[in-house]
Amino acid sequence: MDATVKKFMDLVETKNPSEKAFHQAVKEVAETILPFLDENPKYKAVKVFERMIEPERVIIFRIPWIDDKGEVQINRGYRIEMNSAIGPYKGGMRFHPTVDLGVLKFLAFEQVFKNSLTSLPLGGGKGGSDFDPKGKSDEEVMRFCQSLMTELYRHIGPDTDVPAGDIGVGGREIGFMYGQYKRIRNEFTGVFTGKGLEYGGSLIRPEATGYGTVYFAQEMLATINEEIKGKSVAISGSGNVAQFATEKIIELGGKVVTLSDSSGYIYDKDGIDSEKLAYVQNLKNIKRGRIREYADEFGAKYVEGVSRPWMEKCEIALPCATENELNEEEAKALVKNGCICVSEGANMPSTPEAVEVFLENKILYGPGKAANAGGVATSGLEMSQNALRMAWTREEVDQRLHNIMINIHNTCMKFGKEGDYVNYVKGANIGGFVKVADAMIAQGYV
Ligand code: NDP
């Protein structure tokens, strides 16, 4: 490790012990930002980057609720208000047993750069709970969401902090949280994004992260005169992002061969078509079943206990499940098997060693903070529609999303070009940093 980065990271690790995911996210950014600061001393002099790794505010709270057996359950709730230099805090809520302070600080930190890249006025935040919605009844999920919001409502608002969904938080959970917010505050405002269409949601918001990840892959491929049509695509996950990435790949003529969940992955050599995707959507969103059932239904291969499909042959890989789900060995296998493009639907799914393999082999590699920014960008469009009290058409929102992804790609090209190769990690980090840093300098030491 470079000595300057090491010195910086020693401080970060001492100050934030046992927050491993946060250390990983900061180090990845520090590796490109610290050299950039040396070339641009105006940022260094006022310690902008040091300020950016410190959340503006962290809220931690108790969430008591009663399960269906009448027993009291207690979870922990969080909201990390990371940076509001360019707009209200914005970022999703995650419900998963692995949620802790370090995970949410990593996600909030990434969100600051991502939101800046969208070019919309969005600050960065993230929140969630160690609550596991899996296996819970709708009534239990509702009671939990209402208890969470009974505390969180005082910290958020349409001009302050606007949460959305993430792992374990979809339309059902957002509906319950929004309902309780509205009830306590007695106001119908755009305090959440990812809302249902009947109460202020935007068309294309559910699709946006998956579609955007594919649009970003399309832009990267175009730089080497390649396209998605005819290519085999491995996707991990089978939730919101994975489903809509699959839908867009099918529409563009690619062949999706894998999907997964935390129990295992399926490989379908014939490809997942629209009919099979409809089956997955019903299985995951309505029945809340396991991906294994896909293999039983369509006679595909199922690998139990391995939720990472990266040893399978593909030309494009879209990790859409969770952080650190693609390691060095898997990255080497992908490259060896002919993968030319990795576009991350999930946040930080590739380990630092895997990223190194992609960069060394000069394959097209779009990091999550750029490639999956379409979700939050469309959340920004939902906020604009709510403020205008208008609803744009599906085509209009999709067109805006597509243009935003093209612009993010252009920003990455501008800051990440290294000879013939585009280092999208560098491009996204510097491209995201500059706007926030300039705003922070203009606003003084706040
Ligand atoms: P969902 O909850 O809808 O789906 C998550 C999927 O990933 C499920 O298939 C789940 O399997 C699997 N998964 C989750 N955790 C693990 C794990 N530890 N190991 C293996 N598989 C796992 O979430 P989303 O689709 O919304 O989010 C997926 C990723 O995309 C996350 O990294 C999220 O931060 C990122 N993202 C999401 C955005 C959005 O708009 N929703 C925006 C930008 C990024 P199982 O059901 O078995 O748990």
Problem set entry | Label-point gap, in nm, between D273 and S384 - each point 7 angstrom along Cα→Cβ | 3.8
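Rounded to the nearest 0.05, what FRET efficiency is calculated for K44 and D159 with R0 set to 45 Å and r the Cβ-Cβ distance?
Working: r = 32 Å, r/R0 = 0.71.
For K44 and D159, the calculated efficiency is 0.90.
Using the Cβ atoms and a cut-off under 11 Å, what net charge is assigned to the surroundings of V12, where Lys and Arg are +1 and Asp and Glu are -1?
Its environment carries a net charge of 0.
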Exercise. With springs only between Cα atoms under 10 Å, which of Q281, Q385, Q399 fluctuates most in a Gaussian network model of the chain?
Worked result: Q399
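With Cβ to Cβ distances under 14 Å as the rule, what net charge do the other residues near M405 carry (K, R +1; D, E -1)? Show your work: numbers first, answer last.
Values: positive: K114, K248, K369, R400; negative: E207, E219, E344, D398.
Once all neighbours under 14 Å are counted, the net charge is 0.
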Problem set entry | Dipole in debye (nearest 20) - region 57-188, about Cα centre, beta carbon charges: Lys, Arg +1; Asp, Glu -1 | 280
Problem set entry | Cβ-based charge dipole, the chain, positive-most Cα from V103, V12, Y178 | Y178
Exercise. If contacts are Cα pairs under 8 angstrom and at least 6 residues apart, what is the relative contact order of the chain in percent?
Worked result: 15
Exercise. Tell me, in nm to one decimal, what length is gained between N337 and N225 on full extension, where the rule is 0.36 nm per residue of separation less the Cα-Cα distance?
Worked result: 38.3 nm
Exercise. How many nm is it between the label spots at T98 and K287, if each spot is 7 Å from the Cα in line with the beta carbon?
Worked result: 2.6
Problem set entry | Solvent exposure of region 208-366 as accessible area per residue, Å², 1.4 Å probe | 39
For this session: Place a +1 charge on the Cβ of each Lys and Arg in region 1-120 and a -1 charge on the Cβ of each Asp and Glu, then give the dipole magnitude about the Cα centre in debye, rounded to the nearest 20.
Result: 260
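Looking at region 179-246, which chymotrypsin sites (Phe, Trp or Tyr not before Pro) are in a loop (DSSP not H, G, I, E or B) and have at most 15 other Cβ atoms within 10 Å? Don't jump to the answer; show the numbers that get you there.
Details: sites: Y181, F188, F192, Y199, Y211, Y215, F216, F244; in loops: F188, F192.
Of the chymotrypsin sites (Phe, Trp or Tyr not before Pro), the ones in loops of region 179-246 whose Cβ has at most 15 other Cβ atoms within 10 Å are F188.
Any idea what the dipole of the chain comes to, in debye rounded to 20, about its Cα centre with Lys/Arg Cβ at +1 and Asp/Glu Cβ at -1? Before the final figure, lay out each step's value.
On the way: 54 positive and 62 negative charges, 185 e Å.
Result for the chain is approximately 880 debye, rounded to the nearest 20.
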Problem set entry | Surrounding net charge for I59, when Lys and Arg each add one and Asp and Glu each subtract one, Cβ distance under 13 Å | +3
For this session: Would you mind telling me which residue in D100, D270, D398 has the biggest mean-square fluctuation in a Gaussian network model of the chain, where springs connect alpha carbons within a distance under 10 angstrom?
Result: D270
For this session: Report the one residue of T246, S384, F144 whose Cα lies farthest in the direction of the positive end of the charge dipole of the chain (charges on C-beta: Lys and Arg +1, Asp and Glu -1; origin at the Cα centre).
Result: S384
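With a Förster radius of 45 Å, plug the Cβ-Cβ distance of Y421 and Y199 into 1/(1 + (r/R0)^6) and report the FRET value to the nearest 0.05.
On the way: r = 46 Å, r/R0 = 1.03.
E between Y421 and Y199, to the nearest 0.05, is 0.45.
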Problem set entry | Exposure rank, largest accessible area first [R79, R183; 1.4 Å] | R183, R79
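For S263 and E353, calculate 0.36 nm times their separation in residues minus their Cα-Cα distance, and state this gained length in nm to one decimal. Mind showing how you got there, number by number?
Values: separation 90, 0.36 × 90 = 32.40 nm, distance 2.45 nm.
Gain on stretching S263 to E353: 29.9 nm.
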Seminar exercise, completed: With label points set 7 Å from each Cα along the Cα-to-Cβ direction at K69 and K20, the distance between them in nm comes to 3.1
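The values are calculated or read from the model by the stated rules, or taken from the named source; none is laboratory data. Quick caveat, the model's predicted, so the values are computed rather than measured. So basically every Cβ, Gly included, is an ideal-geometry build from the backbone, and we count neighbours across all protein chains shown. Only protein heavy atoms, including side chains, enter the accessible area calculation; ligands, DNA and RNA are left aside. Shrake-Rupley method; radii C 1.70, N 1.55, O 1.52, S 1.80 Å.
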